[in-house]
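The structure under discussion appears below in the form of structure tokens.
The values are calculated or read from the model by the stated rules, or taken from the named source; none is laboratory data. Only a predicted model underlies this, so the values are computations on that prediction, with no experimental measurement involved. All Cβ positions, even for glycine, are placed from backbone atoms using ideal geometry, and neighbour counts span all protein chains on display.
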Amino acid sequence: MTLIKIDRQTWADGIEKAKLAYRVFGPVKEKNDHEFKQLDKGEMPDFSLQNTRLSPKAIVYPQSQIMLTYSLDESRDDCRIMKEVENVTAPQLVLGIRPCDALAFPIVRRNFDSPEYQDTYWIKAYEATTFVGLACNAACSTCFCTSAGTGPFGETGQDILLMQDGDALYAKILTPKGEALAASMGWSKPAEPDAAGKLDALKTKAEASITASVSTDKLKDKILLELYGAPFWEEEAFSCINCGTCTYVCPTCWCFDVQDETHGLSGVRMRNWDSCMSPLFTIHASGHNPRTQKYERVRQRFMHKLKYYVDKYDKGIQCVGCGRCIRMCPVNIDIRRICDKMNRFDAKSCACDIASS
Amino acid sequence: MTEYTDKIQEIAKRLLAEGKVEMVIGFRKGTVPMMNQPHYAASAASVNELIWDSNCALNLANYVTDKKGTIGIVAKGCDSRNLVTHIVENKIRREQLYIIGVPCTGMVDHRKVSAMAGGEILSMEEAGDDLTVSGQGFSKKISKADVLQENCASCTHRNPVIHDELIGNPVAEQTDADPYASVRRVEDMTPDEKWNYFEKLISPCIRCYACRNACPLCYCPTCFVDESKPQWVGKSQDAIDVRTFHLLRAYHCAGRCTDCGACERACPMGIKIREFTKKLNKDCQELYGWEAGLTLDQRPPLDSFKTDDPQEFIK
């Protein structure tokens, strides 16, 4: 794996060069928070961030996306025929994605690109995207990436990992896609021989700065229906107001709702992010709703991320430890607390507790 | 206000022991600073988790909507006004509630504090009006007056308007507060400027509906944006649909909003949603001399008729 040092001028020039071939996205500060935005000419990503408020998932998976179009004009031969919209994504470059958010893409891919089903919209956008990560030198108190399958210097899901040592910027090339990008951006100057050692020390320090953790080791062995019937769900869900904040800020929440919108004689079939927190998420055409209670919806979100996904794919949890849902939940529902409760849950001792009380 | 904690726990224990209520709804300390969690206590152990400080900003009236049984509820001024509104609108019966009134000196805007701190805040200590926020390598003293939520800074009903027990002496009400300065600024704009102002205001909206769901007034079994037979509003990020949601929601709150600020506090995108409801509050005050949630004897002005109503068209 090649380690490259990027000086300031090469950095700026490379980004401008990249903008000719890619739609370049990077974190930009808006008021008090950073968000991923497409960078205009001359605009540089701002790396003075902890992380962006929203995850960068929308770059590959927009909140609203038109998939098909149709006409209701009876005089046309194609009346009521659904037609796929042009589904070509121009090459995209995501600059400065944190390792936690980068891990979310391989996780989400298991859903959108499986042997049985291929979501052509997501796959084409994903394949057209090059991910340049940015290692975290210091974590937030709500970060728990090291117990969610990555770390502040994690490399999964990225083509290049950038690392900052003071003012110096290093790039570790991880994939052929990354190699091609580095070449096109003029990132070619090998790092000084002692750089790797210095970066390793930074990595160790960064990992030590993670103070939060969750235990997930026993989730797989739990009996699904026992966990589903655990007595803590109603209590844990009490404060929940069933808004969609956690699901919309989450890099791994992938659910969507399909809607037809007709204007006059033409219309579109689109998909929009959906949220399992909403009663509408499960309502049937008959009007019956299998998840009428708030706690059932809260349970669904955590069971999906921490049990169903774990059982189905055997690749760990469907969570990258970014901590956004913890920081942004208006009523302080904390996935770490719930994950630990699930991991600790013992149906037998629980039954005894109830019997003796 | 932190001295209220002991008093709240003491009252809650007594109410539960006497069997006066089945649960007491209050707050417990959150897992992150400045984010306390709504909590119900039904046992002595969970009573010990109840706390009070300047981070209890959400409106607890939201948690008693259509509830059965008897409930003790900790209520600051705005919560108590929403309890009044709930009782008037038949969302709970007065006799179901034991209201533990909290004279309030305002809640802290966690976004303002974070913006001032210059690093991630790991703890906040409170001593009267002095707040100390600390994080990795810094500790900073902040005056609570500088970081109050905007609705608290201009609040004129800090003391609960309805209660069964008050946990401390009433606090002085603010008399020089001006909640409508920003409304007047918008009123003075041209139509185009107003349009641009509101478009910009709601442009970050992700339609998570945290504002609606944190609001005690929004208790419709199915909100108009969630209706599917027929569907009134599209579900995409289309500006028309986003706008429709915000404007209609605000109008549904006309004459009912207590300016508790729960909507703004809950919004993950930091949108100043009160810019809509404040205008309607101002209109209700000017047209009908009405402030929501102050009396159990009157219905809100927009669902009642009086011969001296100012609009001629209805007579």
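Listing for the model above:
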item: Residues of segment B:41-64 satisfying the condition of being under 24 Å from residue B:259 (Cβ atoms) and within 11 Å of chain A (Cβ to nearest Cβ); result: B:55, B:57, B:58, B:59, B:60, B:62, B:63
item: Of all residues making up segment A:326-347, the number that are part of a helix (DSSP H, G or I), among the aliphatic types (A, V, I, L, M) and either facing chain B (nearest Cβ under 8 Å) or touching a Lys or Arg at 6+ places or on another chain (Cβ under 8 Å) (or both); result: 4
item: Single match in A:324, A:291 (criterion: farther than 28 Å from residue A:56 by Cα and in contact with a Cys (Cβ under 9 Å, 6 or more places away or on another chain)); result: A:291
item: Pairs where the first residue, in segment B:117-129, is within 11 Å of chain A (Cβ to nearest Cβ) and without any contact (Cβ under 8 Å) to a residue 40 or more places away in the chain and the second is assigned to a loop (DSSP other than H, G, I, E, B) and surrounded by 18 or more Cβ atoms within 10 Å (Cβ to Cβ), C-beta under 6 Å, 6+ apart; result: B:120/A:140
item: In segment B:69-89, the residues that are assigned to a loop (DSSP other than H, G, I, E, B) and either closer than 20 Å to residue B:212 by Cβ or within 14 Å of chain A (Cβ to nearest Cβ) (or both); result: B:89
item: Qualifying residue in segment A:174-190 (condition: closer than 30 Å to residue B:136 by Cα and not β-branched (Val, Ile, Thr)); result: no
item: Number of the exception - residue A:268 against (1) in contact with an Asp or Glu (Cβ under 6 Å, 6 or more places away or on another chain); (2) among the β-branched types (Val, Ile, Thr); (3) buried (at least 23 other Cβ atoms within 10 Å of the Cβ); result: (3)
item: Options B:250, B:292: the member that is modelled with pLDDT of 95 or more, of a type in the set (Gly, Ala, Ser), under 18 Å from the mean Cα position of the chain (by Cα) and part of a helix (DSSP H, G or I); result: B:250
item: Wholly enclosed helices (runs of 4 or more DSSP H) of segment A:195-287 bearing at least 2 residues out of contact with any helix residue (DSSP H, G or I) (no Cβ under 9 Å at 6 or more places or on another chain); result: A:195-208
item: Some residue of segment A:64-80 being in contact with a helix residue (DSSP H, G or I) (Cβ under 8 Å, 6 or more places away or on another chain), touching a residue at least 12 places away in the same chain (Cβ under 8 Å) and under 16 Å from residue A:125 (Cα atoms); result: yes
item: Within segment B:133-147, tally of residues that are surrounded by 14 or more Cβ atoms within 10 Å (Cβ to Cβ) and of a type in the set (A, V, I, L, M, F, W, C); result: 3
item: Failed criterion for residue A:126 (all others in (1) out of contact with any Lys or Arg (no Cβ under 9 Å at 6 or more places or on another chain); (2) of a type in the set (Ser, Thr, Tyr); (3) closer than 30 Å to residue A:312 by Cα hold); result: (1)
item: Residue that is free of Cβ contacts under 8 Å to residues at least 12 places away in the same chain and either surrounded by fewer than 19 Cβ atoms within 10 Å (Cβ to Cβ) or within 14 Å of another protein chain (Cβ to nearest Cβ) (or both), where the choices are B:193, B:173, B:150, B:199; result: B:193
item: Any hit, segment B:252-259, residues being in contact (Cβ under 8 Å) with a residue 40 or more places away in the chain, within 14 Å of chain A (Cβ to nearest Cβ) and in contact with a Leu (Cβ under 6 Å, 6 or more places away or on another chain); result: no
item: Breaking point among (1) more than 8 Å from every other protein chain (Cβ to nearest Cβ); (2) over 24 Å from the mean Cα position of the chain (by Cα), for residue B:217; result: (2)
item: Subset of segment B:263-274 (residues that are touching a residue at least 60 places away in the same chain (Cβ under 8 Å), within 14 Å of the chain's Cα centre (by Cα) and more than 8 Å from every other protein chain (Cβ to nearest Cβ)); result: B:264, B:272, B:273, B:274
item: Verdict on residue A:221 being free of Cβ contacts under 8 Å to residues at least 24 places away in the same chain and charged (D, E, K, R); result: yes
item: Unique residue being under 30 Å from residue A:264 (Cα atoms) and either assigned by TED's automatic domain parsing to the domain that holds residue A:333 or acidic (Asp, Glu) (or both) when the list is A:159, A:78, A:101; result: A:78
item: Residues satisfying the stated conditions in segment B:297-311, i.e. assigned to a loop (DSSP other than H, G, I, E, B) and either more than 14 Å from residue B:258 (Cβ to Cβ) or not assigned by TED's automatic domain parsing to the domain that holds residue B:258 (or both); result: B:297, B:298, B:299, B:304, B:305, B:306, B:307, B:308, B:309, B:310, B:311
item: Selection within segment B:97-116 - away from chain A (no Cβ under 14 Å), among the hydrophobic types (A, V, I, L, M, F, W, C) and within 20 Å of residue B:167 (Cα to Cα); result: B:97, B:99, B:100, B:102, B:104
item: Segment A:227-281: number of residues that are hydroxyl-bearing (Ser, Thr, Tyr), at the interface with chain B (Cβ under 9 Å from one of its Cβ atoms) and over 21 Å from residue A:35 (Cβ atoms); result: 2
item: Test: residue in segment B:96-111 that is in contact (Cβ under 8 Å) with a residue 12 or more places away in the chain, among the hydroxyl-bearing types (Ser, Thr, Tyr) and in contact with a Ser or Thr (Cβ under 9 Å, 6 or more places away or on another chain); result: yes
